[in-house]
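One structure is given below, encoded as structure tokens.
The values are calculated or read from the model by the stated rules, or taken from the named source; none is laboratory data. Since we're looking at a predicted model, the values are computed, not measured. The accessibility values were calculated without ligands, DNA or RNA, using every heavy atom of the protein model including side chains. Shrake-Rupley method; radii C 1.70, N 1.55, O 1.52, S 1.80 Å.
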Amino acid sequence: MKIRLLQPEDSQGLQLLIKNYRDSQNSRDVNLEYLQNLHLETQDIPENSLDDRADNHSFVYVAVLDQEVVGFGVLAIEDVNRHKVAEKFQEKIRAKIWGRIEHLYCYPKYQRRGVGIQIYRTIATQASDLNLEYLYAEADVTTRAFFKSRGFVIKKEWRLQSEIDIQTRDGQIQDVQIEAKQVNHNQTKDIQIKYLMEKYLGKPRQFVVAAFYHFTPLPDYQELRPKLQNLCDRYQLKGTILLAPEGINSTIAGSRQGINTLLKYLRLDSRFQGLEVKESFCEVLPFQKMLVRLKKEIVTLGVPGIDPIQEVGIYVEPQDWNQLIADPNVVVIDTRNSYEVEFGTFKGAIDPNLKSFREFPDYVAENLQPQPQQKVAMFCTGGIRCEKASAYLLSQGFTEVYHLKGGILKYLEETPPEESLWEGECFVFDDRITY
């Protein structure tokens, strides 16, 4: 797949794409004439001369796969004093000349194949090459996570009333389009939440995101709570730590010093010496609070007596996972919730359509039966859910149960893209998306 500036031969394909875009759920008023009339040549914008320009300038990028236009995005260079979005949120826009992502769309069948990500990367690179300090985008509840995972922060939130029914005196109904704050709630048919999102393109500050869990007996888990809370508060760490009699489960973010101090403190306890940590980095803290919570389970299955400490399935290293799931005799199950699966999954994996992990035992009872020589392989985001799920299947009489060690995140980290059997993106619970 190639990402390139719009060429004359792309016009017909782009027209078909725009029609699909216009008819989609998150449609905007966009047409081919609008895009074709944009200035496209990058060389028309000399570097370091943006402040002297009086006209808008936009870059239309298309994603082309097998000579088909499958996605497009628009980077608009805007003057803060003239653009309609800037007028509405003028106090929130920091720069005089800034970049705005006007559109970013691809055919739904390509949304799990990284098309949008690659278009965005091209747009972000162009914005950086033009020495723009800030990049803005309008987002809805669906696309907010996409932009937040790429360093955008929410600067403004507003609600739009897209269509309401108003009863006139003569009994006729008419449709209007106005802002939701002006609407009587009894008349509201469809309120859309929109966000103005901002990304600073200068030198970023990096935060460490640490995810870890460990099954180990913690009879004193209640006593650990204030100690961990005080330590995290002292180093301004943000996130959540779950403590239960069966162990610890956490995702936290903060400075390198703060994360290292917490992990060192935990590992001084012999019960946490085997703690494995997955780290990633981000430019914006993904959490706003630090919570240390006491739970009955660190991952809630809701079935008493399931103990991964005593019995668990066979761990499969990321480098061995492809070979296992390629076996046609292996049943591959995604143990995550359905909204997570929508972002991406392994090719050929079964989606149990879970609303929560508590539903997994019901799914097993209704769809799986232990059979001689049957192999079941399971996976989840970081490994904790499939670890407990494997313990549950063993308790139900299954004998060959496998699960991906370290979960999807470890697999994506260690597997070369050209060898990966993963399709799409991986949702994580802090509005980031890894891929």
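Annotations for the structure displayed:
- Computed over protein heavy atoms with a 1.4 Å probe, the carbon and sulfur contribution to the accessible area of region 184-312 reaches 46%.
- Entries in Lys2/Lys410; Lys2/Lys156; Lys148/Lys405; Lys296/Lys375; Lys264/Lys289; Lys347/Lys375 that, when Cα-Cα distance is taken, lie over 26 Å: Lys2/Lys410; Lys2/Lys156; Lys148/Lys405; Lys296/Lys375
- DSSP beta bridges confined to region 231-375 are antiparallel in about 45 percent of cases.
- Each principal axis of region 241-324 carries a Cα extent, and these read 36, 35, 26 Å when sorted largest first.
- Whole-number accessible area per residue in Å² for region 208-265, which is evaluated in the context of all protein chains at 1.4 Å: 44
- Debye intensity ratio in log₁₀ form over the Cα atoms of region 279-429, taken at each q of 0.10, 0.11, 0.19, 0.20 Å⁻¹: -0.35, -0.43, -1.25, -1.37
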